[in-house]
Amino acid sequence: MIDIKFFKFQEESTILKDLKNWGISISPSISYKKFPAARIMAFSQFNRVHLTKKIIKPNDVMDTSISAIVPHVDAVVTEKYQANVYKTAKSFIPEMKPLEIYTLKDIRIF
């Protein structure tokens, strides 16, 4: 079954492989947990690829890329799906715990 437990099982190997593919060599003494941007990008991609039945579109790739900044900001406004991804990620990416998450619905005036 593909679920968050599956993601957590393969998270480290996925992130280290991605960093290597980006030309970043990591010392074995450095934990993958020191890379919150790579962690949320991997989790966002995992959600879109494995937990939905929809075809991936360019805006999905953009959402995954944009998510890299999220562990480093105080608040984010995003669409409902991505907000739920961030809410789940807050439970295992410590840098995201203080993040305030808003959806487009939260900021509508009408």
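Computed from the coordinates by the stated procedures, all read-outs in this text should not be read as laboratory data. This one's a predicted model, so the numbers in the text were calculated from it and none came from an experiment. Cβ placement follows ideal geometry from the backbone for every residue including glycine, while neighbour counts extend to all protein chains displayed.
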For this session: State, in angstrom, two size descriptors of the range 61-110 derived from its alpha carbons: Rg to one decimal place and Dmax to the nearest whole number.
Result: 10.8, 35
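Using only alpha carbon pairs under 8 Å that are at least six residues apart, calculate the relative contact order of the chain and give it in whole percent. If you can, show how the numbers build up before the last one.
Working: 100 pairs, mean separation 26.0, N = 110.
Result for the chain is 24 percent.
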Exercise. Could you give the nm distance between label points at R108 and K87, where each point is 7 Å from its Cα heading toward the beta carbon?
Worked result: 1.7
Exercise. Exactly which chymotrypsin sites (Phe, Trp or Tyr not before Pro) in the range 13-76 are in a DSSP loop and have at most 13 other Cβ atoms within 10 Å?
Worked result: W22
Seminar exercise, completed: For the chain, the Cα-Cα pair-distance distribution in 10 Å bins from 0, as whole percents, is 13, 45, 33, 7, 1, 0
Exercise. Given +1 on the Cβ of Lys and Arg, -1 on the Cβ of Asp and Glu, and no further charges, what dipole in debye does the chain carry about its Cα centre, rounded to the nearest 20?
Worked result: 260
